[in-house]
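Taken together, the values in this text are just the output of simple stated rules run on the coordinates, not laboratory data. These figures come from a predicted structure and were not determined experimentally. Positions of Cβ are backbone-derived with ideal geometry, glycine not excepted, and every protein chain shown enters the neighbour counts.
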Amino acid sequence: GARCVVVLETELTPELNRQGMANDIIRLVQDRRKEVDLQYSDRIHLSLVAADSDLTAAIRENAERIKAETLAEKLDDRPQLNSEAAAREVAEKPLTIFISVVA
């Protein structure tokens, strides 16, 4: 029979790493939404505060997807005074999540 050879590229590029970080961020935000008893349809103001440059790049490059998948009408990088901080880690880098419901 015929033979076929498949070659897979297994190197993780910086872009793939940042996409993976964005996936983790989305999961953490969804978990946080549940922790604070938000309704599925609640629109939010989301603040993601990170000091690491790779993590901030991941947020910036994937901002539209993060907003769409978490129902965030607004996404920024400043703490919210009217929201409780939730300290988390993404790829062993600290991330602080702030969520408030948009009226």
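Comparing the chain with the 2.2 N^0.38 Å rule of thumb, its C-alpha radius of gyration ratio is 1.31 (two decimals).
Annotation for Ala51 and Glu11: the two label points, set 7 Å from Cα along the Cα-Cβ direction, are 3.2 nm apart. Taking 0.36 nm per residue of separation and subtracting the Cα-Cα distance, full extension of the segment from Arg65 to Gln39 would add 7.4 nm. Peptides 93-100, 80-87, 66-73 ranked from most to least packed give 93-100, 66-73, 80-87, packing being the mean of other C-beta atoms within 10 angstrom over each peptide's residues.
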